[in-house]
Amino acid sequence: MGLGDEWGGVIGALSEIIPVYDRVNRAISLGTAEASRRRALAGRLRAGDAVLDAGSGFGNMSLAALAECPQVSITMHDALVPMLRAAGPRLRAAADRSCGVFESLPYRDGRFDVVMCGYSLRDAISLRAAVSEIHRVLRAGGRLVVVDLGKPDSAVARAGAAAYVRAVLPVVALCAGGRLGLRFSALHGTYRKWPRNSDLRAVLLERFARVELETGLLGGAVRVVAHK
């Protein structure tokens with residue numbers, strides 16, 4: 001599980017769509033992305049928590065975390081330096097930054113209380129390696145919070161979700177982001193390799209003691225909290 005050899009192409013596409021990234025993401029998530037972030041984080045953060053936003057992009061998950069609990073400390077980690085540089089003014093003073101991949105996090109064991117992945121874990125080169133690294137940098141009792149596209153277990157719902165990603169999403173992205181929006185078609189490759197919701201839960205349970213998984217949009221959206 002994971003992008004494997006396709007990772008470079010996906011990262012290349014992401015680097016091209018930075019100017020329209022946020023606008024198109026809001027459109028293709030049918031306006032649910034921000035609410036999903038808030039719902040996943042509600043009650044999961046405590047004052048003084050050290051929080052890693054893994055695959056942070058522009059820091060939308062970090063902003064949601066600070067809105068939920070302003071007393072946390074944020075570290076943003078992303079494979080693309082331009083994404084980190086484009087973080088909003090509020091995050092320039094509120095978050096540390098590092099560049100790299102999920103599979104090799106440059107932090108000591110047990111460094112963080114919470115690791116967040118907002119629409120990013122799907123871009124891992126190797127899902128199991130990424131989960132292993134996230135587990136390593138979490139302290140005992142720490143939490144992994146994931147918000148992402150879901151792949152329904154029902155064959156009918158899964159076919160509908162796949163059809164949206166393959167056929168409808170590029171049209172929505174074109175309308176929201178112009179020609180650059182067409183590069184969002186790379187999402188189909190990430191979705192194709194993304195596990196079904198029950199399989200994602202099983203992968204997380206290989207490392208974590210307890211996993212809470214909630215779905216929306218008939219299984220096409222997923223919110224997960226995994227407890228170390």
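Since every read-out is calculated from the coordinates, none of them should be taken as a lab result. What you see is a predicted model; the values in this text were computed from it and never measured. Positions of Cβ are backbone-derived with ideal geometry, glycine not excepted, and every protein chain shown enters the neighbour counts.
Exposure proxy ranking for 153, 78, 5, based on other Cβ atoms within 10 angstrom of each Cβ and starting from the fewest, stands as 5, 153, 78. Dipole orientation for the chain: of the candidates 80, 11, 141, 141 has the Cα lying most toward the positive pole (charges on Cβ; Lys, Arg +1; Asp, Glu -1).
So what is the relative contact order of the stretch 144-190, in percent, for Cα pairs below 8 Å that sit 6 or more residues apart?
Values: 24 pairs, mean separation 13.0, N = 47.
It comes to 28 percent, rounded to a whole number.
Database remark: amide H of residue 151 closer than 5 angstrom to the amide H of 197 (H placed geometrically; neighbours at sequence offset of 5 or more, or on other chains; Pro and chain starts carry no H). Using a cutoff of 8 angstrom between alpha carbon atoms and counting only pairs six or more residues apart, the relative contact order for the chain works out to 24 percent.
Note on the stretch 153-228: Cα-only Rg and Dmax are 14.7, 45 Å.
I need the per residue convex hull volume for the chain, using only the alpha carbons, in cubic angstrom as a whole number. Walk me through the numbers on the way to the answer.
Numbers: hull volume 23.9 nm³, N = 228.
It is 105 Å³ per residue.
Among residues other than residue 109 whose Cβ falls under 9 Å from its Cβ, what is the net charge (Lys/Arg +1, Asp/Glu -1)? Cβ neighbours under 9 Å give a net charge of +4.
With only the Cα atoms considered, the stretch 1-41 has a convex hull volume of 101 Å³ per residue. Placing a pseudo-label 7 Å from each Cα along the Cα-to-Cβ vector at residue 202 and residue 96 gives an inter-label distance of 3.7 nm.
The order of the peptides 141-150, 199-208 by mean Cβ neighbours within 10 Å, most packed first, is 141-150, 199-208. Evaluated with a Cβ-only charge set (Lys, Arg +1; Asp, Glu -1), the stretch 4-227 carries a dipole of roughly 260 debye about its Cα centre, given to the nearest 20.
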